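The values are calculated or read from the model by the stated rules, or taken from the named source; none is laboratory data. Not measured: the values here are computed from a predicted model. Cβ placement follows ideal geometry from the backbone for every residue including glycine, while neighbour counts extend to all protein chains displayed. Each accessible area value is taken on the protein alone, full model and side chains, heavy atoms only, with ligands, DNA and RNA left out. Shrake-Rupley method; radii C 1.70, N 1.55, O 1.52, S 1.80 Å.
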Amino acid sequence: MSTPRPRPPVRRALRRLPLNAAAALTVLVCLFPVYWMVTTAFKPSTDIQSYDPRLVPSRWTFEHFRAAVGADGFALFWRNSLLVTLSAVLLALLVALGAAYAVARMRWRGRRQFMLAVFIAQMAPWESLIIPIYIISRDTGMLDRLPTLTLIYFMITLPFTVVVLRGFIAGIPPELEEAAQVDGCTRAGAFRKVAFPLLAPGLMATSLFGFITAWNEFTYANFLIIKQQDSRTLPVWLSSFQSTFGTDWGATMAASTLFALPALIVFLALQRHVTAGLASGGVKG
């Protein structure tokens, strides 16, 4: 019986050409707005206001970055965003880790209904809750406060965190923890010493999702921070670059570039673990 001949490399390349071209076009379309934002931040004002758009600045300048950094409240609003984002992510990880372990390792009445409620919460559009959340915050005196934003971002990121960590914990063989318990560890000790170190990809994936979601959120920060301007976050602050003649697009693009850097740094630092964490959380358990 003859074995099939392998396809020539040229034929394989031709078959993949449409897919590669579609992928390249998709990447180009997705990255072009980012490229335009970054180059506009370095363009002089004459290039930005010109009727003929320039893909490459006629000269590179840092004047817009100096205007953005020197704007009133830049450091304060940067601190506010960082404080709210990190607090929401850490709180979501702490609560979701306990909930995910209980669902993946324990058998209790209502477990399936609990996960169904988590999935429903994950699918619900959070923008539809702006009005009730605003009314609750107003009646309880929680408007214009950073803890309110922290709790909202925590609620937004919690369902996804529970789903991913539940699948990842379910993918860890329970025999590993049982062996540690035989050696004298308590159930909590076995989880901390055996299972928790194996959860790094899942923790990284959920941390990245939560960080980007909370860092970029604009709607709730804009509606719930009204009078206390010192409690604004960076996304709301970005809309403040106004002058007598309109929006200062150069400073806005420079501030947007600076605003995107933390999320980019976090993604580059965690990218090796993200794919494994999402895949494990999505298909296991």
Carbon plus sulfur fraction of accessible area for segment 113-261, probe 1.4 Å, in percent: 67
Solvent-accessible ranking of R232, R145, largest area first, probe 1.4 Å: R145, R232
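Helix check for the chain. Which DSSP H runs span at least 27 Å along their own axis by Cα, with a mean Kyte-Doolittle hydropathy no less than -0.5?
In the chain, the long hydrophobic H runs are 9-42, 74-105, 146-170, 249-283.
Ranking request for peptides 13-23, 216-226: highest mean number of other beta-carbon atoms within 10 Å first, then the rest in descending order. Before the final figure, lay out each step's value.
Working: 13-23: 10.2, 216-226: 17.9.
Result, highest mean Cβ count within 10 Å first: 216-226, 13-23.
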Cβ-placed point charges (K, R +1; D, E -1), dipole of the chain about Cα centre in debye, nearest 20: 1340
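Could you work out the mean projected area of the convex hull around the alpha carbons of the chain, in square nanometres to one decimal? Write down the numbers at each step before the final one.
Numbers: hull surface 100.1 nm².
With every direction weighted equally, the projected area is 25.0 nm².
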Residue-level accessible surface for M155, protein heavy atoms, 1.4 Å, Å²: 80
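Sort largest first and round to whole Å: the equivalent ellipsoid semi-axes of segment 152-197, each the square root of five times a Cα gyration tensor eigenvalue.
Numbers: eigenvalues 148, 26, 7 Å².
Values for segment 152-197, descending: 27, 11, 6 Å.
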Solvent-accessible ranking of L270, L234, largest area first, probe 1.4 Å: L270, L234
Candidate residues D47, D72, D248, D230: accessible-area rank, largest first, probe 1.4 Å: D72, D230, D248, D47
Average accessible area per residue (Å²) across segment 72-281 - probe 1.4 Å, nucleic acids and ligands excluded: 52
Surface per residue (accessible, 1.4 Å probe) for segment 9-60, Å²: 82
Nearest-10 value in Å² for the accessible area of S45, using the 1.4 Å probe: 50
Neighbour-limited loop hits for chymotrypsin sites (Phe, Trp or Tyr not before Pro), segment 120-176 (at most 11 other Cβ within 10 Å; DSSP other than H, G, I, E, B): none
FRET E, pair N20, N222, Förster distance 51 Å, beta-carbon r, rounded to 0.05: 0.80
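Carbon and sulfur atoms: what percent of the 1.4 Å accessible area of segment 9-60 do they account for? Don't jump to the answer; show the numbers that get you there.
Working: 2920 of 4250 Å².
Its accessible area is 69 percent carbon and sulfur atoms.
For segment 166-227, run through the trypsin sites (Lys or Arg not before Pro) and keep only the ones in DSSP coil with at most 10 other Cβ atoms within 10 Å of their Cβ.
Working: sites: R166, R187, R192, K193, K227; in loops: K227.
Answer in residue order: K227.
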T148 - accessible surface, heavy atoms, 1.4 Å probe, Å² rounded to 10: 10
